[in-house]
Amino acid sequence: MSGEAPPLSPAVVPRLPRGVRFSRDEARGRFVLLAPERILEPDEIAVEILRRIDGEATLGEIVDQLARDFAAPREEVAADVEEFLRGLNEKGMIEL
Amino acid sequence: MNDIPAPIGMLAELTHRCPLSCPYCSNPVELDARQGELSTAEWLRVFDEAKALGVLQVHLSGGEPGLRRDLEEIVARCAEHGIYTNLITSGVQIDEARLARLGDAGLDHVQLSIQDVEIGPADEVAGMKGAHLRKMAFARHVREQGFPLTVNLVVHRGNIARLGRAIDLAAEMGAKRLEVAHVQYYGWAFVNRASLMPEWPQVEEALKVTAEAQARLKGRMVIDSVTPDYYARRPKACMGGWGSRALNVTPAGKVLPCHAAETIPGLEFWTVRDHSLADIWANAPAFNAFRGTDWIEEPCSSCEIKASCRGGCRCQALAIAGRAEAADPACEKSAYHEVLRDMAREDAVQRGHPYRYRTMKTPTRDPEPVG
């Protein structure tokens, strides 16, 4: 998957741009990603990634946390997080 | 009726007043007058009720929403509730300082309409001299103040040949998103079909230009293109399904399943002055008229895509097939599909019809004799 694009640096700080908000949808008991004319319903894994994006944590730190919290192999976590972030970045919903 | 899923989006038409008079305006031909508009307190209550109902996004529109002096208050109330606010504006009314105040109130996103890439035709369609340049200045303020910007361009015969350049203009304006909206023929646009309808080769070329730009601008600007119904083979699900995802509140407080629903005779609409939003969503006859798929007739009832298209647009079915229950004539399975195509072909070759501009007064055929 990451054969074409160079891998993201672990020092990158992913950010939600202005106009994109990750928030709790109380009425439906779920989390949503609110963006211009769009509402995404992130799955459980995406929620875990998004709740760690605070504008300060680096990609490396986020991956470390997830690998630790879910006792998962770091390389696999890194690949999943990177793919997810690239997808949102293409839609303009994450700044990298 | 408690198992009806709550709406996620609400279009709030704060006023029908507008400095522009575009002949394809999606507002109804009979516009609400200023005297009938909801008060500030009434609108604030509507947004409180929207939050309680589960609405996540509101689209503050009009007319021109900037003509409401209470726009900041409305944005602030939505922000307090965590509701995502999208301002849909002509850009000629809100100055730099007011935009900053809206930002302070918590405004999330701005959608700005443009009419064309060239000043002359842009101002002509808007019916306002200087409108285009004011929009360009407004777009700069939007970007300088850090808002994400969506540009909306309605595409019709008069500008379709310049679509490629208009897309480039939107990118230069710093838009993160562009809506290429081929005219939907309801309301004022239906009245102006003979001057707005493009010819088929122009539409084909426009679709090609759009696809090319989508690929070229990937990662820089997202382009959402609304297919022109009159040249489609399958209909679009109206509002994601009638009474299923969204609702629309008019300036006078009437609550509609879609902005054109009032064109359907016999539907009973309720207003926020008499009922709560939750009561209207669950129980207003207009919302239940076409909810779900039980009402669907042939050829739709046995069709494999009915769950996604939901029979298409009720207003278009009424306008072309004469019955709101009929299949949307945009679908090639509709008995009226050829009627729709013929209308489009005939309208596309019409010339010499001046625009009938949107005005607060209902257009009349001839002036009444005086004296």
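Regarding the stretch B:24-43, can at least one residue be identified that is touching a helix residue (DSSP H, G or I) at 6+ places or on another chain (Cβ under 8 Å), within 14 Å of another protein chain (Cβ to nearest Cβ) and open to solvent by less than 20 Å² (accessible area, probe 1.4 Å)? Within the stretch B:24-43 (the criterion being touching a helix residue (DSSP H, G or I) at 6+ places or on another chain (Cβ under 8 Å), within 14 Å of another protein chain (Cβ to nearest Cβ) and open to solvent by less than 20 Å² (accessible area, probe 1.4 Å)), the answer is no, since none of the residues qualifies. Scanning the stretch A:39-77 for residues being open to solvent by 70 Å² or more (accessible area, probe 1.4 Å) and either among the acidic types (Asp, Glu) or not in a loop (DSSP other than H, G, I, E, B) (or both) gives a total of 13. Note on the stretch B:198-238: residues that are touching a residue at least 60 places away in the same chain (Cβ under 8 Å), open to solvent by 60 Å² or more (accessible area, probe 1.4 Å) and within 21 Å of B:CYS315 (Cβ to Cβ) amount to 3.
Residues checked against (1) aliphatic (A, V, I, L, M); (2) out of contact with any His (no Cβ under 9 Å at 6 or more places or on another chain):
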| residue | (1), (2) |
| --- | --- |
| B:ALA189 | yes, no |
| B:ALA215 | yes, yes |
| B:CYS258 | no, yes |
| B:THR263 | no, yes |
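Look at (1) within 22 Å of the chain's Cα centre (by Cα); (2) on the phi < 0 side of the Ramachandran plot; (3) more than 14 Å from chain A (Cβ to nearest Cβ) and you find that B:ILE88 fails only one, number (3).
For the stretch B:266-290, a residue qualifies if it is open to solvent by 40 Å² or more (accessible area, probe 1.4 Å) and either of a type in the set (A, V, I, L, M) or in contact with a Phe, Trp or Tyr (Cβ under 7 Å, 6 or more places away or on another chain) (or both), and exactly one does: B:ALA278.
Of the set (1) open to solvent by 30 Å² or more (accessible area, probe 1.4 Å); (2) at pLDDT 95 or above, all apply to A:ARG18 but (2).
The residue list A:GLU37, A:GLU95, A:GLU41, A:GLU90 contains one member that is of a type in the set (Asp, Glu), within 14 Å of chain B (Cβ to nearest Cβ), in contact with a Pro (Cβ under 6 Å, 6 or more places away or on another chain) and closer than 30 Å to B:LEU178 by Cβ, which is A:GLU95. Considering the conditions (1) part of a loop (DSSP other than H, G, I, E, B); (2) crowded, with 24+ Cβ neighbours inside 10 Å; (3) among the β-branched types (Val, Ile, Thr), B:VAL117 is excluded by exactly one of them, (2).
Counted as qualifying within the stretch B:163-259 are the helices (runs of 4 or more DSSP H) with 1 or more residues that are at pLDDT 95 or above and within 14 Å of chain A (Cβ to nearest Cβ), namely B:163-172, B:200-216.
Scanning the stretch B:247-265 for residues that are under 21 Å from B:TYR24 (Cβ atoms) and open to solvent by 20 Å² or more (accessible area, probe 1.4 Å) returns B:HIS259, B:GLU262, B:THR263. Within the stretch B:87-97, the set of residues being more than 10 Å from B:CYS18 (Cβ to Cβ) and either open to solvent by 30 Å² or more (accessible area, probe 1.4 Å) or aliphatic (A, V, I, L, M) (or both) comprises B:LEU87, B:ILE88, B:ILE94, B:ASP95, B:GLU96, B:ALA97.
Under 19 Å from B:CYS313 (Cβ atoms), in a helix (DSSP H, G or I), over 18 Å from the mean Cα position of the chain (by Cα) and modelled with pLDDT of 95 or more, is that true of B:ALA286?
Details: under 19 Å from B:CYS313 (Cβ atoms): yes; in a helix (DSSP H, G or I): yes; over 18 Å from the mean Cα position of the chain (by Cα): yes; modelled with pLDDT of 95 or more: yes.
So B:ALA286 passes the test.
Can you tell which of B:ARG157, B:ARG140 is assigned to a helix (DSSP H, G or I), of a type outside the set (Ser, Thr, Tyr) and either open to solvent by 30 Å² or more (accessible area, probe 1.4 Å) or within 25 Å of A:ALA35 (Cα to Cα) (or both)? Reasoning before the result, please.
On the way: B:ARG157 fails: assigned to a helix (DSSP H, G or I).
After ruling out the rest, the residue left standing is B:ARG140.
Taking the conditions (1) farther than 29 Å from B:ALA246 by Cα; (2) within 14 Å of another protein chain (Cβ to nearest Cβ) in turn, A:PHE31 satisfies each one other than (1). In the stretch B:50-65, the condition of being open to solvent by 40 Å² or more (accessible area, probe 1.4 Å) and away from chain A (no Cβ under 14 Å) is met by no residue.
From the set of residues in the stretch B:143-154 that are open to solvent by less than 10 Å² (accessible area, probe 1.4 Å) and either of a type outside the set (S, T, N, Q) or not in a strand (DSSP E or B) (or both), which is nearest to A:VAL20 (Cα to Cα)?
As a first pass, look at the stretch B:143-154 and keep what is open to solvent by less than 10 Å² (accessible area, probe 1.4 Å): B:147, B:149-151, B:153.
Among the residues that remain, those that are also either of a type outside the set (S, T, N, Q) or not in a strand (DSSP E or B) (or both) are: B:147, B:149, B:151, B:153.
Values: B:PHE147: 10, B:LEU149: 12, B:VAL151: 17, B:LEU153: 23 Å.
Restricting to residues being open to solvent by less than 10 Å² (accessible area, probe 1.4 Å) and either of a type outside the set (S, T, N, Q) or not in a strand (DSSP E or B) (or both), the top hit is B:PHE147.
Output the residues belonging to the stretch A:78-96 that are outside any helix (DSSP H, G or I) and open to solvent by 60 Å² or more (accessible area, probe 1.4 Å). Once the filter is applied, which keeps residues that are outside any helix (DSSP H, G or I) and open to solvent by 60 Å² or more (accessible area, probe 1.4 Å), the stretch A:78-96 yields A:LYS91, A:GLU95, A:LEU96. The set of residues in the stretch B:321-342 being in contact with a His (Cβ under 9 Å, 6 or more places away or on another chain) and either open to solvent by 10 Å² or more (accessible area, probe 1.4 Å) or in a helix (DSSP H, G or I) (or both) consists of B:ALA327, B:CYS331.
The values are calculated or read from the model by the stated rules, or taken from the named source; none is laboratory data. Keep in mind that what you see is a predicted model, and the values were worked out from it rather than measured. For neighbour counting, all protein chains shown are included, and Cβ atoms are generated from backbone atoms with ideal geometry for every residue, glycine included. Calculation scope for accessible area: heavy atoms of the full protein, side chains included, ligands and nucleic acids excluded. Shrake-Rupley method; radii C 1.70, N 1.55, O 1.52, S 1.80 Å.
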